[in-house]
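To start, the structure itself, in structure tokens.
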Amino acid sequence: MSEVIDGKKFADNLCAELKVEVAQLIANENLLPCIAVVLVGDDPASHVYVKNKVLRCTQLGIKSIEHRLPMETEQAELLALIETLNQDDSVHGILVQLPVPKQIDDKAVLAAISPTKDVDGFHIQNVGALAVGEPIMVPCTPLGSLMLLQDTLGDLSGKHAVIVGRSNIVGKPMALLLLQHHCTVTVVHSRTKDIEEHCRRADILVAAVGIPKFIKADWVKSGAVVIDVGINRIQEEGKSRLVGDVDFETVAPRAAAITPVPGGVGPMTIACLMYNTVAAAKLQRGL
Ligand code: GUN
């Protein structure tokens, strides 16, 4: 029987530790970690993500400030808000929920966030730091996935990791992070020939393509550890439900361990955002 990796439980434990640390920072250093979350437009999924992020902050005693801007917001207006938040010493983390509406260039937005407040780890300076093996702020979903992998496997050294997807948010930073942990890393994507063949060689398979149930049972080596990053809403038998990028029902029996959707990587992403926010607050205070 394969292990279903309980991301919710791991995230709850991490958050319990962070809650203690936040209370200590407030009591001993007069430091209240604070994140500003910026949401532009009315993408329903983004609203749910932001609501969950703010809820976690409240549970941990982290201050959160929400900025909700209308769909038609101009780029200059958003950049001005980011600059105000950059200058505000009481704000330690800045997160602009992606995607942003099409009149706004997301690259310009990410570049505008001060790298020390970049709790998403998307600023080029943080991407570069990760690439040279000196990570400062690591993107939340890859960081959460790494924590689950280390908890499941211990030392990752020498494992062959295959990452399906090459996004800037997950695939690429995940590859860099696993390289730093001495994995042999293969990244496959929409132009890769024989994706299945590559997947079959994986000791660690990370699926981050955004296609429901993309990874099939016969693509997975017996005993592999499978991390499913996908969160896809599908209609099945007249009902709406969330599924991952992995066909869980058929893949799970082959895998040594697998993350479910929901309850796997999703809660870890938010827990790691809290982790990065506390880290940013300490960094800015020189702690
Ligand atoms: N949209 C989807 N995932 C993310 C994320 O990790 N951070 C931000 N800011 N937006 C997202």
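Throughout, read-outs are computed from the coordinates displayed, never taken from laboratory work. Just so we're clear, the structure is a prediction, and the values are computed from it rather than from any experiment. In this analysis, Cβ positions are derived from the backbone assuming ideal geometry, glycine residues included, and neighbour counts consider all displayed protein chains.
With N as its number of residues, the range 102-164 has a Cα radius of gyration that, divided by 2.2 N^0.38 Å, comes to 1.36. Rg then Dmax, both in Å and based on the Cα atoms of the range 52-175: 16.3, 49.
Here the Debye sum runs over all C-alpha atoms of the chain as equal scatterers in vacuum, and log10 of I(q)/I(0) at q = 0.13, 0.14 Å⁻¹ comes out as -0.91, -1.04. Reported to the nearest whole Å, the Cα centre-to-centre distance from the range 1-68 to the range 131-154 is 18. Note on the range 165-244: antiparallel DSSP beta bridges, both residues inside, total approximately 55 percent of the bridges counted. The Cβ shell under 15 Å around Glu83 holds other residues with a net charge of -4, Lys and Arg each +1, Asp and Glu each -1.
Charge tally for Ala111 (other residues, Cβ to Cβ under 14 Å; Lys, Arg +1; Asp, Glu -1): -3. Charge tally for Pro70 (other residues, Cβ to Cβ under 13 Å; Lys, Arg +1; Asp, Glu -1): -4. Helix 140-153 and the long axis of the chain differ in direction by around 50°, with both axes built from C-alpha atoms.
Pairs with C-alpha atoms separated by more than 23 Å, drawn from the list Lys9/Lys159; Lys213/Lys239; Lys8/Lys53; Lys19/Lys63; Lys102/Lys216; Lys51/Lys172, are Lys9/Lys159; Lys102/Lys216; Lys51/Lys172. A run of the chain free of exposed loop cleavage sites, with GluC sites (Glu not before Pro) counted only in DSSP states other than H, G, I, E and B and at most 16 other beta carbons within 10 Å, reaches its longest extent at 75-236. Once you sort the root eigenvalues of the Cα gyration tensor of the range 1-93 as a ≥ b ≥ c, which label holds: rounded (a/c under 1.5), prolate (a/b larger than b/c) or oblate (the other case)? Oblate, since a/c reaches 1.5 and b/c is not below a/b.
Could you give me D for the range 233-287, from Stokes-Einstein at 10 °C and 1.306 mPa s, where the hydrodynamic radius is the Kirkwood radius over C-alpha pairs? Units µm² s⁻¹, please. Calculated translational D: 113 µm²/s.
The sum of -39500 (n - 2.57) across all DSSP H runs of n ≥ 4, divided by the residue count of the chain, sets its helix-only mean residue ellipticity at 222 nm to -13500 deg cm²/dmol. A viscosity of 1.567 mPa s and a temperature of 4 °C, combined with the Kirkwood radius over Cα pairs in Stokes-Einstein, give a translational diffusion coefficient for the range 141-255 of 92 µm²/s. Look at where the Cα atoms of the range 270-287 and of the range 75-91 average out, and the two centres are 19 Å apart. Loop exposure criterion: trypsin sites (Lys or Arg not before Pro), DSSP state outside H, G, I, E and B, at most 11 other Cβ atoms within 10 Å. Applied to the chain, the longest stretch between such sites is 1-101. Mean-square fluctuations from a GNM of the chain, with a 10 angstrom spring cutoff on Cα atoms, peak among Gln75, Gln180, Gln87 at Gln87. Counting only DSSP beta bridges whose two residues both lie in the chain, roughly 15 percent are antiparallel.
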